[in-house]
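Notes follow once the structure below has been shown.
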Amino acid sequence: MMDKLDKKQEELLKKYQEGNCSPDEVAAVHYLFNLALVSAEELPASPSDQEVREEIWNRLPFNRKNYKLHVFKRISAAAAVIMVMAAGYFWYGSKSKVATSQHLFADIAPGKNTATLTLANGKKIILTNDVKGELATESGVTITKTADGQLIYEIKGQENGDPKAVNQLSTANGQSYQLRLPDGTMVWLNAASSITYPVSFSHSDLREVELTGEAYFEVVKDKKRPFLVSTNHQRIRVLGTEFNVNAYRDEPEQKTTLLEGSIKLSLEEGVTARVLKPGEQAVSVGTELQVSTVDVEQAVDWKNGDFIFQSEPLTSLMRRVSRWYNVQVVYANGVDKEGTFTGKVSRSKNISVLLKALQSAGLKFEVIGNKIIVKNQST
């Protein structure tokens, strides 16, 4: 649901009224108005919705009857602040459209809170809602699963177990899970990801884990034992902090985003590390490492239960959709794969909500089993 206009959005509307907007800013304002217009025509408004729509309506001086929604694609980063807020409302406003056009899509449910735990002895435990309580005891560490779907390691004794013993928690497409490591560090694991870690950290001066895919970390501080995350391309060293690592092998870049504290990041051991500050993201491509300030909300959208797209290419967007809904994406000839999209939708929604919103931007979709065929509306 759309919030009240914030200061930046107020300033943009004022700039529009004065005729000082750039073409991209004009497109953003027109887009915002059309979202309100579409919603006003198709949905019974709650009082708060109506108040917001009237506020937008009264600020826009152009002829309201003649403008159509044509600007969802290719919106520049300069207009992102207003587009994200507006698109959040668009997803909500398109709800009634989905209901009347449901026959277009074979609906697919979102991912679930489940994973596979592989113990040091090779035993695999499928972590579903039916599995609760104590799962195993290894090297003096008891592994339990809570009722709310969290995996917890607790030190129960001082036994000298195998210092090389490791566990692995992995998710497939359409799965995610939350883990508390033996030192108390919290890990959120996204779909199609895995994390490998020691059964106990007591045998080393480092708390080292290996990651493929994507995970969010809240690392417990321990000055004597730094925490180290290794991917196939990055090494991230911290003492205690919160950060997100996106290290999917099918992505062209690996991204590490810092929310709190500080981290040292290098592409290989022995190379001079870059130190990140909160709000910064390190992107590595090959041997190059670039650091910039980013919108951290977008970087950790998955952990907070959302998809947030900010001028994101269609192929990147659909890779994320593919992992969460466990679908295969195929592109028909002529589809602009590099066309960019900005918007927001809850990851708890069925895929039809997302596809219907994208369809309004000039695309159409055919769903066959777990395969999605992306086409132009003209084909």
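Of all residues in the range 364-379, those that are assigned to a strand (DSSP E or B) and either open to solvent by 30 Å² or more (accessible area, probe 1.4 Å) or touching a strand residue (DSSP E or B) at 6+ places or on another chain (Cβ under 6 Å) (or both) total 10. Can you pull out the residues in the range 313-359 that are of a type in the set (A, V, I, L, M), in a helix (DSSP H, G or I), touching a residue at least 60 places away in the same chain (Cβ under 8 Å) and under 23 Å from Ala247 (Cα atoms)? Leu314, the sole residue that qualifies. Could you tell me whether the range 253-266 includes any residue that is in contact (Cβ under 8 Å) with a residue 24 or more places away in the chain, open to solvent by 70 Å² or more (accessible area, probe 1.4 Å), charged (D, E, K, R) and in contact with a Leu (Cβ under 9 Å, 6 or more places away or on another chain)? Yes, that holds for at least one residue. Output the number of residues of the range 108-152 satisfying the condition of being under 17 Å from Thr171 (Cβ atoms), open to solvent by 90 Å² or more (accessible area, probe 1.4 Å) and either at pLDDT 85 or above or not in a loop (DSSP other than H, G, I, E, B) (or both). Within the range 108-152, residues that are under 17 Å from Thr171 (Cβ atoms), open to solvent by 90 Å² or more (accessible area, probe 1.4 Å) and either at pLDDT 85 or above or not in a loop (DSSP other than H, G, I, E, B) (or both) number 3. Of Arg207, Arg237, Arg180, Arg225, all but one fail to be touching a Pro at 6+ places or on another chain (Cβ under 8 Å) and open to solvent by 20 Å² or more (accessible area, probe 1.4 Å); the exception is Arg237.
Within the range 268-294, can you find the residues that are aliphatic (A, V, I, L, M), more than 21 Å from Asp222 (Cβ to Cβ) and surrounded by 19 or more Cβ atoms within 10 Å (Cβ to Cβ)? Selection gives Ala282, Leu289.
Can you tell me which residue among Gln290, Gln281, Gln310 is under 19 Å from the mean Cα position of the chain (by Cα), modelled with pLDDT under 95, farther than 21 Å from Pro182 by Cα and not in a loop (DSSP other than H, G, I, E, B)? Explain how you work it out, then say what you get.
On the way: Gln290 fails: under 19 Å from the mean Cα position of the chain (by Cα); Gln281 fails: modelled with pLDDT under 95.
Result: Gln310 is the single residue among Gln290, Gln281, Gln310 that is under 19 Å from the mean Cα position of the chain (by Cα), modelled with pLDDT under 95, farther than 21 Å from Pro182 by Cα and not in a loop (DSSP other than H, G, I, E, B).
The values are calculated or read from the model by the stated rules, or taken from the named source; none is laboratory data. For clarity, every value in this text was computed on a predicted model and none was experimentally measured. For neighbour counting, all protein chains shown are included, and Cβ atoms are generated from backbone atoms with ideal geometry for every residue, glycine included. Ligands, DNA and RNA are excluded from the accessible area calculation, which covers all protein heavy atoms including side chains. Shrake-Rupley method; radii C 1.70, N 1.55, O 1.52, S 1.80 Å.
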